[in-house]
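The values are calculated or read from the model by the stated rules, or taken from the named source; none is laboratory data. Everything numeric in this text was worked out from a predicted model, so none of it was measured. Backbone-built Cβ (ideal geometry, glycine too); neighbour counts: all protein chains shown. When the accessible area is computed, the model is the full protein with side chains, heavy atoms only, and any ligands, DNA or RNA have been set aside. Shrake-Rupley method; radii C 1.70, N 1.55, O 1.52, S 1.80 Å.
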Amino acid sequence: MTMKNFLVSVIFVLVGLSSFAQGTIRGFIKDKDNGEALSYILVGLEGTAYGVNTDNDGYFSLTKVPAGTYTLVIKTMEFVEIREQVVVQNDKVLTKNYLLERNVVELGGVEITSEGSEQRNSVNISVESIRVADIKRVPSFGGQADIVQVLTTLPGFVSTGDQGGQIFVRGGSPVQNKVLLDGMIVYSPFHSIGLFSVFDTDIIASADVFTGGFGAQYGGRISSVMDITTRDGNKKSLNGRVGASPFGSKVLIEGPLKKLTEKGSGISFVLSAKNSYLDKTAPEFYPYINDGNGLPFSYRDLYGKVSFGGSNGSKFNIFGFSFDDAVDSYQNVSNLKWNNVGLGSNFVVSPATSPVLISGNFAWSKYRIELLEEALAGVDRSSEIKSFNFGLDFKYTRQSDVLNYGIDVVGLATSYNTINPLGVKINLDQNTTELNGFFTYRFNREKFVFEPGIRIQYYSSLSRFSPEPRLGFKYKASERFRLKAATGIYTQNLMATNSDQDVVNLFYGFLPGQEDLPDTLTLANGNSRATNNPLQRAIHYILGFEFDVTDQWNLNVEGYYRDFRAVTNTNRYKIFEDNADNANRPEYLRKNFILETGFAMGIDVSMKYETKTTSLNFVYSLGNVDRWDGTKWYDPVFDRRHNINVVLAQKFGDKRDWDVSVRWNLGSGLPFTQTQGYYEAPSNGGTISSDYLTANADAISIDYAELNKGRLPYYHRLDMNVRKVFKFEKSNLEVNAGLTNAYNRANVFYINRVTAKRIDQLPILPSLGIEFSF
């Protein structure tokens, strides 16, 4: 059977599985002002137990409703309430779509949302749902709100630095984090400076961040998933936003290509561009950084999207992007640049005669990174990955139960060129394909939520078949107190071209799983096992509880253990070529890659307080990450024992047009390898009669201590932000003033081992940004 016939057959089977429902009311809810889908809107039948929240597409479905006449109620504080009489018939699907009109009355008191209902009716473990309002509550770096600044405040997240830092989640390395943009896999979501993402805040509708235990609908990564959904352009009117700060500028424009009709159909576009000029402004505004050379980072991000909306709520989107990043002579050593381009589409379809919601996506992208060790030396290292991914998802809601199943396909073509420590060029060109299917069912009963699932992954280039069971559970002990747990098996066939033993490595390329591994892996207990499977594998175990202390206070506590069964790393021990002449050498001294094992465990505590004017978020993470590389245990450079984040946001003024936000971060010291001493290396020069005892050494050599046995000092930083919005008849002017590292804490970045010169993280950075929207 060909791939095409296989996919067609699977689609017909999956659609057929969803045709058994009856007595259903379903539809989409959108904002009347712009046609945007509205999530977390409560829809119910008055006087009954039938009620659900809309999802990220604004979709709701009430199924297995007995025949009869009901009053359908849509209730939310932000929009005018809707009450409508509906008639339900057996074996019939009633479609009702609504455009909600915003409330003109500003209500005081507590902001009531249906997110609490979502917490009670789903497992909701190790997941944070981020909205634009959440992003703007965190002090913005350089006056530009960015999702990366929110991520570093979440439970289980660790960043290794202000400059060139990466993000690590519960002991997983960056390549083990999957980032999706409207279903497309994004391979480089953060710019090199580590302070900005490639995503424009103003185009984000929602972002669901799973730090572990995620369901069977996600796969291909063993650490975390960030699923970002962008919003559609305004289908009613032409709008725009222009902003500038010492760090960069941005522009966004959106509007209708076909205006929104009374039935909800329309076509819109949105275009966004961000450009950094920090490399040019930093020497002027912040001359005290990097000996007056400023920060040699720059980037440019372009994004565009066209959305087609139907009167029945179905929609189709086409989007594309180009993200560029450059580091010019970082520390006068190397030049680096990367580019990521992509084109994708996604759709949501609600068949007229079936209560199933069908969604899908198709995307293509190319990511290429190049590193020049010296400006005129040519390209010394490069990595390229061309990728496509295709997926179909079927969701059927049966009262409060949810059936979710589907397929996805991922194809990769990678090219990797480098020079190893022996001066030998390495060129690797590889192709791989992943075929995946998943099935989950969420049982929601009075006291229990039970969500079993299974993901079946087939890695064709490796001929590896991987069944991956997943399980989530919640016990509702009371209306306010809930216990929860999750576990699952996870695999991936993608590795980074750097090593987790590297301190800072801006060159971040990709390779599929490599079979150039030692034949056996010596375990920490002295036993050995064959390494005939290059897949990276991990098992997640999570146990926790959530407690709604009051309507405003929520406490969430989770303990986790990750068993890393296999992690592929570049072999830093290699000193011999892997050929017949060196066949008697130990494998770990001649193989290009090695397999490691290990674990990550910890406790994440999160306390949130929320009203319409005040938001307080306290997060404490206790973690421990250990790796075994076949010869020794070591702490990876992201093994931070203690991490505290406190974020406070407060609105002021009669019109709540003043916003003040503060963030304080405290982290215990990261591991590093200490220097034990220096010695003169033997001279290799002269003739056979030269006296090597008296000849001058070629260079000074360093005697290193054990890997990562030292700890840097504690890291802490205070960021502050004040924002004022001036409202005019048809436009707004937003002024944003901020202080990064407000009390100028000298946090160590690294110390030059030869000169002993200390290089610190970012010093105090004041900023002033403005944004004009119309």
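Per-residue ellipticity at 222 nm for the chain, helices alone: DSSP H runs ≥ 4 residues times -39500 (n - 2.57), over residue total, nearest 500 deg cm²/dmol?
Taking each H run of at least 4 residues, the total per residue is -1500 deg cm²/dmol.
Hey, got the dipole for the chain? About the Cα centre, +1 on K and R Cβ, -1 on D and E Cβ, debye to the nearest 20?
I would put it at about 1780 debye.
About the Cα centre of the stretch 458-613, how large is the charge dipole given +1 on each Lys and Arg Cβ and -1 on each Asp and Glu Cβ? Please answer in debye to the nearest 20.
Charge dipole of the stretch 458-613: 420 debye, to the nearest 20.
Please list 3J(HN,Hα) in residue order for the stretch 763-774, calculated via the Karplus relation 6.51 cos²θ - 1.76 cosθ + 1.60 where θ = phi - 60°; whole Hz, with x for glycine and proline.
Once θ is set to phi - 60°, the couplings for the stretch 763-774 become x, 4, 10, x, 8, 9, x, 10, 9, 10, 10, 9 Hz.
Leaving ligands, DNA and RNA out of it, work out the accessible area of Trp364 with a 1.4 Å probe and give it in Å² to the nearest 10.
110 Å²
Grab every C-alpha pair in the stretch 168-245, bin the distances at 5 angstrom width from 0 up to the longest one, and report whole percents.
Going from the shortest bin to the longest, the percentages are 3, 12, 22, 22, 16, 11, 6, 6, 2, 0.
Taking amide H atoms as placed 1.01 Å from N in the peptide plane, list the residues 5 or more away in sequence, or in a different chain, whose amide H sits under 5 Å from that of Ile751.
Those lying under 5 Å, H to H, from Ile751 are Ile759.
Across bins of 5 angstrom width beginning at 0, how are the C-alpha pair distances of the stretch 558-598 distributed, in whole percent?
6, 23, 20, 16, 12, 9, 6, 4, 2, 2, 0
As I understand it, the dipole of the chain uses +1 on the Cβ of Lys and Arg and -1 on the Cβ of Asp and Glu, about the Cα centre. Which of Leu511, Gln119, Ala133 lies farthest toward its positive end?
Gln119
For the stretch 26-39, just list the computed ³J(HN,Hα) in residue order, Karplus coefficients 6.51, -1.76 and 1.60, θ = phi - 60°, integers in Hz, with x standing in for Gly and Pro.
9, x, 10, 10, 10, 7, 5, 6, 9, x, 6, 4, 10, 9
Of the DSSP beta bridges with both residues in the chain, give the percent that are antiparallel, rounding to the nearest 5.
Beta bridges within the chain, antiparallel portion: roughly 95 percent.
Hey, can you grab everything whose amide H is under 5 Å from the amide H of Asp500? Only 5+ residues off in sequence or another chain; H modelled, so Pro and N-termini drop out.
Residues meeting the amide H criterion: Thr570.
Can you run phi through the Karplus equation (6.51, -1.76, 1.60; θ = phi - 60°) for the stretch 731-741 and list ³J(HN,Hα) in whole Hz, with x for Gly and Pro?
For the stretch 731-741, the Karplus-derived couplings read 7, 10, 10, 10, 10, 10, 10, x, 10, 9, 6 Hz, x marking Gly and Pro.
In whole Å, what are the extents of the stretch 698-774 along the principal axes defined by its C-alpha atoms, from largest to smallest?
Sorted from largest, the Cα extents of the stretch 698-774 read 72, 28, 19 Å.
Which listed residue (Ala273, Ile419, Gly68) has the Cα farthest towards the positive end of the charge dipole for the chain, taking +1 on Lys and Arg C-beta and -1 on Asp and Glu C-beta about the Cα centre?
The residue sitting farthest along the positive end of the dipole is Gly68.
Longer than 20 Å from Cα to Cα, which of Lys608/Lys655; Lys136/Lys274; Lys75/Lys235; Lys64/Lys476 are they? Say none if no pair is.
As for pairs spanning more than 20 Å Cα to Cα, those are Lys608/Lys655; Lys75/Lys235; Lys64/Lys476.
Given contacts defined as C-alpha pairs under 8 Å and at least six residues apart, what's the relative contact order of the chain, whole-number percent?
10 percent
So which of Lys305/Lys730; Lys30/Lys92; Lys280/Lys386; Lys236/Lys651; Lys263/Lys395 end up more than 27 Å apart by C-alpha?
Lys280/Lys386; Lys236/Lys651
If the only charges are +1 at each Lys and Arg Cβ and -1 at each Asp and Glu Cβ, what is the size of the charge dipole of the stretch 611-660 around the Cα centre, to the nearest 20 debye?
Here the stretch 611-660 has a charge dipole of around 180 debye.
Just want the answer: with Cβ charges of +1 for Lys and Arg and -1 for Asp and Glu, which residue in Thr201, Phe448, Tyr609 is farthest toward the dipole's positive end in the chain?
It is Phe448, whose Cα lies furthest towards the positive end.
When all protein chains stay in place, what accessible area (Å², nearest 10, 1.4 Å probe) is found for Phe316?
80 Å²
Over the Cα atoms, compute the radius of gyration (one decimal) and Dmax (the largest Cα-Cα distance, rounded to a whole number) for the chain, in Å.
For the chain, the Cα-based Rg and Dmax read 27.4, 106 Å.
Please provide three numbers in whole Å: the alpha-carbon extents of the stretch 461-531 along the principal axes, with the largest listed first.
53, 34, 31
Round to the nearest 10 and report in Å² the accessible area of Met720, as given by a 1.4 Å probe over the protein chains' heavy atoms.
Here the residue's solvent-accessible area equals roughly 80 Å².
Just the number, please: Stokes-Einstein D of the stretch 521-677 in µm²/s, Kirkwood Rh from C-alpha pairs, 25 °C, 0.890 mPa s.
125 µm²/s
Using the C-alpha gyration tensor of the stretch 207-310, what are the square roots of 5 times its eigenvalues, in whole angstrom, with the largest one first?
Ellipsoid half-lengths, sorted descending, are 35, 26, 9 Å.
Stick to Cα atoms and the Kirkwood definition of Rh, then tell me Rg/Rh for the stretch 698-743.
Here Rg/Rh amounts to 1.48.
Largest first, what is the accessible-area ranking of Phe297, Phe388 with a 1.4 Å probe?
Final ranking, largest accessible area leading: Phe388, Phe297.
Over the stretch 425-499, what is the relative contact order in whole percent, taking alpha-carbon pairs under 8 Å and six or more residues apart?
With pairs under 8 Å counted, the relative contact order is 23 percent.
Give me the extension gain from Asn584 to Gln399: residue separation times 0.36 nm, minus the current Cα-Cα distance, reported in nm with one decimal.
60.0 nm
What is the percent of Cα-Cα separations in the stretch 418-563 that go past 19 Å?
Value for the stretch 418-563 (Cα pairs over 19 Å): 70 percent.
Can you put Lys235, Lys757, Lys136 in order of accessible area, largest first, using a 1.4 Å probe?
Largest accessible area first, the list is Lys757, Lys136, Lys235.
What would the Debye equation give as log₁₀ I(q)/I(0) for the stretch 255-349 at q = 0.13 Å⁻¹, counting only Cα atoms as equal point scatterers?
-0.62
Give me, ordered by chain and number, the residues 5 or more places off Ala566 or on other chains with an amide H under 5 Å from its own placed amide H.
Under 5 Å from the amide H of Ala566: Arg537.
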